[in-house]
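Novice: What follows is a single structure, and I will ask about it in a moment.
The values are calculated or read from the model by the stated rules, or taken from the named source; none is laboratory data. Nothing here was measured: the structure is a model prediction, and the numbers come from that model. Cβ placement follows ideal geometry from the backbone for every residue including glycine, while neighbour counts extend to all protein chains displayed. Only protein heavy atoms, including side chains, enter the accessible area calculation; ligands, DNA and RNA are left aside. Shrake-Rupley method; radii C 1.70, N 1.55, O 1.52, S 1.80 Å.
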Amino acid sequence: MSQVVQLVAQIFQAIVLSTALYAQHSIVLHCLAHTVVDIPITFIIQGVLSVFLYFLVNLQRTALQFFVFFWVVFIMMTTMKGFSRLVAAALKEESSATSVAGIGV
């Protein structure tokens, strides 16, 4: 069983390395594209979360205060997703990426 796992890991590593060598785009552009594509999804998820959280905490019930809260949470979510993708792209090993992301957060 462990031989199968090692074989799959070797094949996967070879595929990843060949993809990285022959790719026509950089990792930075890939992360930027994911961040841009995630904006509508983040907007919907964060909208539902913000409505529940805002009224659950019973903050001021004005439209201006709600949209300021919505904007701040949206910017934070987008920034943190971009930061995590930046760390993952910059570091090759999962353990070092996890430790740097933990310190950064």
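Novice: Under a point spin-label approximation (7 Å from Cα along Cα-to-Cβ), what is the residue 61-residue 42 distance to one decimal in nm?
Specialist: Simple spin-label model gives 3.1 nm for this pair.
Novice: Something else now. Would you check the accessible area of residue 79, probe 1.4 Å, heavy atoms only, in square angstrom rounded to 10?
Specialist: Near enough 80 Å² of accessible area.
Novice: Roughly speaking, what is the stretch gain from residue 95 to residue 79, that is 0.36 nm per residue apart minus the C-alpha to C-alpha distance, in nm to one decimal?
Specialist: 3.6 nm
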